[in-house]
């Protein structure tokens, strides 16, 4: 509370709770979206480790694969997969907010801006899956 | 539908109370009533000392913003029947100092609004008998942001503003962007320094709730993100191009 004077009325200042992000689902979703970057970073580390092992030869790669099969890392990577997807979806859905594209004097709809991101995601994922799974 | 509903209303008397408290009132539940009607019923029939702001009753003046069941709302546009059977909790807007009951101190917003220069700035004025023409496309570029009624619900919903009161906040930035995008305006460079700093656009972490609670679909979150892009381009231009060559 600030000091009351004749000209400055006394007012009540509410402190924001440390747990403000639990107050509403939208806030929690925001915090999860921000936290997802930690899991994205972890997946980057895994990819770098895989690349390094691949360069060192089949023995190193097999050892890494074996390490990645541990229950803890399987669980961590499953959670990471969820967060990476969550990160991508929320990011794609936010792009129409930041981008205003006009074609023929008309503003493109949010769907028209977000959709190409999803199409590119599916096409690139399918291409990688094809390379990996063709035998 | 039951014919009565309970309202739990925040009370605060600066002369006597050390903190906020809740008082309960039972009011008639009528299909056509909004929360503001219920508050006026309380003031007229149950407790004349209840204080709250309101004016137009039609979502234009932006005076009656409050927190209804935890969500910032214009109480003139929030139907009581949507909260049946109740109780409905009516609190002052979050993130603002409470002066009395449901009345908050909005001075901070007014200072920030003025700082963002929300008016048309001309380097050269045309003679009074000449008009500033604008095509429908040019108007369309800023129209959405011009719908802001300064109700400050976006500030009540913004956790960044709650945690960092120095943050310029959604409406002030959206209104600056409204003028930046106006073809008649020449003040974008004047606003750049005010907007593009840590407590301006870069303070925004894109929670996006300002847009969700906006009763006029202004989309302040979009205004801020779009301006981040503009400010980055200006910074890049200032870095790459010789002095004076950028639009600043």
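Only the coordinates and a few stated rules stand behind these numbers; no lab work does. Computed from a predicted structure; not experimentally measured. Backbone-built Cβ (ideal geometry, glycine too); neighbour counts: all protein chains shown.
Here are the numbers for the structure shown:
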| quantity | calculated |
| --- | --- |
| The stretch B:163-248: C-alpha pair distances exceeding 17 Å, % | 48 percent |
| Chain A: angle of helix A:110-133 to the longest principal axis, Cα-based, in degrees nearest 10 | 20 degrees |
| Cα-based helix-to-principal-axis angle, B:170-180 vs chain B, degrees rounded to 10 | 30 degrees |
| Cα-based equivalent ellipsoid of the stretch B:107-240: semi-axis lengths in Å, sorted from largest, via gyration tensor | 25, 18, 14 |
| Using alpha carbons only: equivalent-ellipsoid semi-axes of chain A, gyration tensor based, whole Å | 44, 27, 11 |
| Rule-of-thumb Rg ratio for the stretch B:4-104 [Cα; 2.2 N^0.38 Å; N residues] | 0.98 |
| Residue of B:191, B:21, B:11 that the Gaussian network model of chain B assigns the largest fluctuation, springs spanning Cα pairs under 10 Å | B:21 |
| Cα-based convex hull volume of chain B per residue, rounded to whole Å³ | 158 Å³ |
| Simple label model, 7 Å out from Cα along Cβ direction - residue B:132 to residue A:102, nm | 1.7 nm |
| Order of B:30, B:100 - criterion: other Cβ atoms within 10 Å of each residue's Cβ, fewest first | B:30, B:100 |
| Selected from B:67, B:78, B:211 as most flexible by GNM, with chain B as the system and alpha-carbon contacts under 10 Å | B:78 |
| Selected from B:123, B:228, B:237 as most flexible by GNM, with chain B as the system and alpha-carbon contacts under 10 Å | B:123 |
| Reciprocal of mean inverse Cα separation for the protein assembly as shown (Kirkwood radius, Å) | 24.6 Å |
| Helix axis angle, A:25-56 relative to chain A longest principal axis, alpha carbon, degrees | 30 degrees |
